[in-house]
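K.L.:
Okay, here's the structure, questions in a sec.
The values are calculated or read from the model by the stated rules, or taken from the named source; none is laboratory data. Because the structure is a prediction, the values reported are computed rather than measured. So basically every Cβ, Gly included, is an ideal-geometry build from the backbone, and we count neighbours across all protein chains shown. In case anyone asks, the SASA skips ligands and DNA or RNA and just uses the protein heavy atoms, side chains included. Shrake-Rupley method; radii C 1.70, N 1.55, O 1.52, S 1.80 Å.
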Amino acid sequence: MATCVPDDILWVLKQLHTHDQEAFLVGGCVRDMLMGREVHDFDITTSALPETTMEIFKQAGCIVIPTGIKHGTITVLVNNEPIEITTYRIEKAYLNHRAPSQVVFTKNLLEDLKRRDFTMNAIAYDPTNGYYDPFDGRKDIEEGIIRCVGDPYERLKEDALRILRAIRFSAVLNFSIEPHLEQAIKELAPTLSYISKERIRDEFNKILLSQHPDLLQMLYDYQVLDEILPGYSKLYGHDQKTPWHIYDIFRHSDVALNHTIGYPLESKLAIVLHDIGKPEMETFGEDGIAHYKRHALISEQKARAYLMDLRYDHKSIERVCTLILYHDYYVKANRKILRRFLSKFDNDIAYAISALYVQMADDYAKNMEKAQEKIDILNASIELLKVIDQEKDFFHKKDLKVNGHDMMQLGLQNKQIGDMLDELYQQVIDDPSMNEKEKLMAYARQKMQN
């Protein structure tokens, strides 16, 4: 294990030991090293009070920043890399299921570890003296179990975000959740309402990126899905009476999500939300077959509301909503059709291809006897898009040989100008030879006469 610890971290530990202070690695870094996982952040805990820690490293010539000194955390720059060091602490009664009312520093490492969430995160490690593992966290890691430090109800009532952290660890590490903790999660799920939308969003993102199968079902079973996406569980059991589908809307979305391994977060969010407008748009033909015309538009609108509620940034919201809007857009391995499709994504080839992969995940969750032909078309379309990209066989609207001034000369005004330029742009996408001023002006005149 010691060979896994970077030299700068070992140096920090040594500085504290040299000044007769205890110092350990703690938390996720210890867990991940025990599991052979890549470690991104090394957390150090020490018996030294924050002021003492600051003085030790100032004397060693380091830049020291009191980043969270109120809670015992200071940051030391070692070779221009920030390293956080936190004093052992006890957290008093929590307020609103999230924040402790008071932080008290202690010299007792056991007291510090008692306040932590799960046994696998309550292991301390000193490269010289080895592990301090008072709650058998290593055993739980070996057995693949997520267990709370102490009473799970107490731990979750202290900080409701631990509900989603437990589920996230289960999904990411493929660990099972200990039965008492599982029951506590289900009963205390409503306390997630005390947690900020941003923190819920961040945990939801990590869960989606875990690649664990049947994630929506997992969130549903733990009774947290509607705490993240209110009302989403209404899709559960909503059958799709059409030959194209073999699953209800909820299960279809979950199976589609299973086919997004390696997809970026935006695509996964699009899959989760791509059919949420279906119940509202459901109609039936005389033959009893269901139809869902314009469901993509309604799904996009409802998805936008969800994403805004969870405080996603504007760019991400727009990209996810665009993927949803075009998740059932007809494509074919045809340059004209694909240039039109590409224009919907501002000629961003990678973005357009990701949209086709969203369609593919959607189709893999349908009746394969009907969907296989569409999947073959999508694969061929992706390959042709790559060729179009290499050949730069597409047009940007700014490359039109006419502009708004030309349209004004024809007598068009305000919105008419934009509408006509859009129409001319589509003509050029379909037939690049049309991109000559005389041809475009003639086409515009003809449209105006009609």
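K.L.:
For the structure I just gave you, tell me whether Gln446 is among the polar types (S, T, N, Q), assigned to a helix (DSSP H, G or I) and under 30 Å from Arg319 (Cβ atoms).
P.N.:
Details: among the polar types (S, T, N, Q): yes; assigned to a helix (DSSP H, G or I): yes; under 30 Å from Arg319 (Cβ atoms): no.
When the stated conditions are applied, Gln446 does not pass them.
K.L.:
With Leu323, Leu297 as the choices, which residue is hydrophobic (A, V, I, L, M, F, W, C), open to solvent by less than 10 Å² (accessible area, probe 1.4 Å) and at pLDDT 95 or above? Show your work before the answer.
P.N.:
On the way: Leu297 fails: open to solvent by less than 10 Å² (accessible area, probe 1.4 Å).
Unique residue meeting the criteria: Leu323.
K.L.:
Go through region 279-345 and tell me which helices (runs of 4 or more DSSP H), entirely inside it, have 1 or more residues that are farther than 18 Å from Leu385 by Cα and in contact with a Lys or Arg (Cβ under 6 Å, 6 or more places away or on another chain).
P.N.:
On the way: elements: 295-309, 314-325, 335-343.
Filter on region 279-345 gives 295-309, 314-325.
K.L.:
Being part of a loop (DSSP other than H, G, I, E, B), farther than 30 Å from Pro190 by Cα and open to solvent by less than 10 Å² (accessible area, probe 1.4 Å), is that true of even one residue in region 63-76? If you could, list the steps in order and put the result at the bottom.
P.N.:
Initial filter on region 63-76 (part of a loop (DSSP other than H, G, I, E, B)): 72.
Filter once more, so that each one left must be farther than 30 Å from Pro190 by Cα: 72.
From the residues that got through so far, the ones that are open to solvent by less than 10 Å² (accessible area, probe 1.4 Å) too are 72.
Scanning region 63-76 turns up at least one residue that is part of a loop (DSSP other than H, G, I, E, B), farther than 30 Å from Pro190 by Cα and open to solvent by less than 10 Å² (accessible area, probe 1.4 Å).
K.L.:
Quick one: Asn367 ticks every box in (1) farther than 28 Å from Ile228 by Cβ; (2) at pLDDT 95 or above; (3) touching a helix residue (DSSP H, G or I) at 6+ places or on another chain (Cβ under 6 Å) bar one, so which box is it?
P.N.:
Unmet for Asn367, out of (1) farther than 28 Å from Ile228 by Cβ; (2) at pLDDT 95 or above; (3) touching a helix residue (DSSP H, G or I) at 6+ places or on another chain (Cβ under 6 Å): (3).
K.L.:
List pairs: first residue in region 121-150 and farther than 13 Å from Val30 by Cβ and polar (S, T, N, Q), second residue assigned to a helix (DSSP H, G or I) and open to solvent by 10 Å² or more (accessible area, probe 1.4 Å) anywhere in the structure, Cβ distance under 8 angstrom, at least six positions apart or on different chains.
P.N.:
What qualifies is Thr128/His17.
K.L.:
When you check Thr283 against the structure, is it out of contact with any strand residue (DSSP E or B) (no Cβ under 9 Å at 6 or more places or on another chain) and among the β-branched types (Val, Ile, Thr), yes or no?
P.N.:
Numbers: out of contact with any strand residue (DSSP E or B) (no Cβ under 9 Å at 6 or more places or on another chain): no; among the β-branched types (Val, Ile, Thr): yes.
No.
K.L.:
Additional query: For region 282-295, which residues satisfy the criterion of being of a type outside the set (Ser, Thr, Tyr) and more than 19 Å from Ser233 (Cα to Cα)? Full working, then the answer.
P.N.:
First, pick out the residues of region 282-295 that are of a type outside the set (Ser, Thr, Tyr): 282, 284-291, 293-295.
Result: Phe284, Gly285, Glu286, Asp287, Gly288, Ile289, Ala290, His291, Lys293, Arg294.
K.L.:
Output the residues belonging to region 210-233 that are over 15 Å from Ala166 (Cα atoms) and either of a type in the set (Lys, Arg) or under 12 Å from the mean Cα position of the chain (by Cα) (or both).
P.N.:
Gln211
K.L.:
Residues to consider are Arg251, Arg201, Arg304; find the one that is closer than 20 Å to Ala371 by Cβ and either within 13 Å of the chain's Cα centre (by Cα) or open to solvent by 10 Å² or more (accessible area, probe 1.4 Å) (or both). Break it down stepwise before answering.
P.N.:
Details: Arg201 fails: closer than 20 Å to Ala371 by Cβ; Arg304 fails: closer than 20 Å to Ala371 by Cβ.
Arg251 is the lone residue from the list that is closer than 20 Å to Ala371 by Cβ and either within 13 Å of the chain's Cα centre (by Cα) or open to solvent by 10 Å² or more (accessible area, probe 1.4 Å) (or both).
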